[in-house]
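The values are calculated or read from the model by the stated rules, or taken from the named source; none is laboratory data. Quick caveat, the model's predicted, so the values are computed rather than measured. FYI the Cβ positions are ideal-geometry reconstructions off the backbone, even for glycines, and counts take in every protein chain you see. Only protein heavy atoms, including side chains, enter the accessible area calculation; ligands, DNA and RNA are left aside. Shrake-Rupley method; radii C 1.70, N 1.55, O 1.52, S 1.80 Å.
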Amino acid sequence: MKLCCLIILSLTALGLSSCFWKKEDGPVVEEKVVKVLTPKAEDSAPRDKSLDVLVRYLAEADGIHREAWWVLTAARPPISKSPFGKVQRALLASQNIKLTNKSMFRCDRYLVKRDVLGLLGYPQKGEVFEKCSDKADAKRIASFDVPKEGELNLIFYPENLQEVLGLGAGILNRQIHCSLKGKEKLESLNCKDWAQDRTKEQMIRLDVYDYQKSGKNLIKLRGKVYENLTDIRKIEADVPMEGKITVTETELYAPEEPPVAPAPAPGVTPAPGAPKAGGPVSMPSGQAPASNEPLHPRNPELGMPAGRDVDPDVLLQRQRSQNPGMDMIEVPPENADPSNEGFPEGYDPNNPPVPEPQDESQQQQLPPQEQPQGIPNGR
């Protein structure tokens, strides 16, 4: 038994020594683990170069509009706060690119429908919708057409872009047509019927909205200022390549002037309290208004105002109608003594008769006698 154990130990020692001998003589081999990364589906898919060009054009157009609006209103909107920026964000979202500054908009979820009609990406057309809720219908904010490389035609719908254009543009509801052209970068931008609120009360509508990168004027703006949807001023702005920026606003309608009273005739000074020309004339009671009848100096004591040429018969008839007791008076003859006018015939005013005494009771019963009235003077 002891012998067997010694043999096993000796063989083991020989085996170990042979192994160590081989390791010392043989080369040392090191094992390396290499990890192979499989490409993702998004990275392996080829990027749409035509879509990248559209995104670049829209980003540059957003910057141009921010500068143009700063010239007109002295306020520069934030980045992407324009119809160009909204469409750009929609195209980025369609490529599964994460959007930044999502809190800037009430709704920043989009749906893009694009139809590529050519093998090389042109021509193509599409529509951009704002999809805020799964329960509500999508709102179309723009449609685009790309006839060839380097050209982009856009149509904006203001009724669904009130968040960036304002309420006035949404009420006016005119489609905005824009044309963008360029090569590596945007070279020209032209828009028609661009309408956007300047304040809560005012809106600017541009008939001419032109940008030329190589032109004398980089930006040329022509339009009108509306207040409560009524045009009040004309506005013109030029942003030259060199020099000062000019902005001119011109009133369309002159302000209404208050009515001016007609000047009096030369050499005539109106008396204090005199009525104005053309107004009603008020006269004191019992006095006849002035007339254009010819004056006569021989009738100062007739029943009409002095200086009037009046028929005596007409005057006598008027006096009788005004004084009923006048019928009892006899007209004295022409050769009568004027001192006896108004007294009975045979009555001498210098020797009046003495009245006979009468009973007081009879005097009280007698009715009072009417005194004759003479012709009033100056009536």
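A few remarks follow.
- Residue in region 115-126 that is of a type in the set (Phe, Trp, Tyr) and at pLDDT 90 or above present: no
- Scanning region 100-125 for residues that are among the small types (Gly, Ala, Ser) and either open to solvent by 90 Å² or more (accessible area, probe 1.4 Å) or free of Cβ contacts under 8 Å to residues at least 60 places away in the same chain (or both) yields Ser103, Gly118.
- If you filter region 242-261 down to residues that are of a type in the set (Ser, Thr, Tyr) and out of contact with any Asp or Glu (no Cβ under 6 Å at 6 or more places or on another chain), you find that the one that is farthest from Ser214 (Cα to Cα) is Tyr253.
- Flag for Ser214 being of a type in the set (Gly, Ala, Ser) and either in contact with a helix residue (DSSP H, G or I) (Cβ under 9 Å, 6 or more places away or on another chain) or not in a strand (DSSP E or B) (or both): yes
- Scanning region 204-248 for residues that are out of contact with any strand residue (DSSP E or B) (no Cβ under 8 Å at 6 or more places or on another chain), small (Gly, Ala, Ser) and open to solvent by 30 Å² or more (accessible area, probe 1.4 Å) yields one hit, Gly243.
- Filter result for Gln175 (surrounded by fewer than 17 Cβ atoms within 10 Å (Cβ to Cβ) and either under 18 Å from the mean Cα position of the chain (by Cα) or on the phi > 0 side of the Ramachandran plot (or both)): no
- Test: residue in region 126-142 that is open to solvent by less than 70 Å² (accessible area, probe 1.4 Å), β-branched (Val, Ile, Thr), within 29 Å of Lys49 (Cα to Cα) and in contact with a strand residue (DSSP E or B) (Cβ under 7 Å, 6 or more places away or on another chain): yes
- Residue match in region 180-191 (condition: in contact (Cβ under 8 Å) with a residue 60 or more places away in the chain, assigned to a loop (DSSP other than H, G, I, E, B), within 19 Å of Val87 (Cβ to Cβ) and open to solvent by 10 Å² or more (accessible area, probe 1.4 Å)): yes
- Within region 55-99, the residues that satisfy the criterion of being outside any helix (DSSP H, G or I), free of Cβ contacts under 8 Å to residues at least 40 places away in the same chain and charged (D, E, K, R) are Arg76, Lys98.
- Number of the exception - Tyr57 against (1) open to solvent by less than 90 Å² (accessible area, probe 1.4 Å); (2) more than 32 Å from the chain's Cα centre (by Cα); (3) at pLDDT below 95: (3)
- Unique residue being modelled with pLDDT of 80 or more and farther than 27 Å from Glu159 by Cα when the list is Ser285, Ser291, Ser214: Ser214
Rundown of residues vs (1) of a type outside the set (Phe, Trp, Tyr); (2) farther than 24 Å from Ala237 by Cα; (3) at pLDDT 95 or above; (4) in a helix (DSSP H, G or I), yes/no style:
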site: Lys135; (1), (2), (3), (4): yes, yes, no, no
site: Arg140; (1), (2), (3), (4): yes, yes, yes, no
site: Phe144; (1), (2), (3), (4): no, yes, yes, no
site: Gly168; (1), (2), (3), (4): yes, no, no, yes
site: Cys178; (1), (2), (3), (4): yes, no, yes, no
site: Lys200; (1), (2), (3), (4): yes, no, no, no
site: Ile204; (1), (2), (3), (4): yes, no, yes, no
site: Asp210; (1), (2), (3), (4): yes, no, yes, no
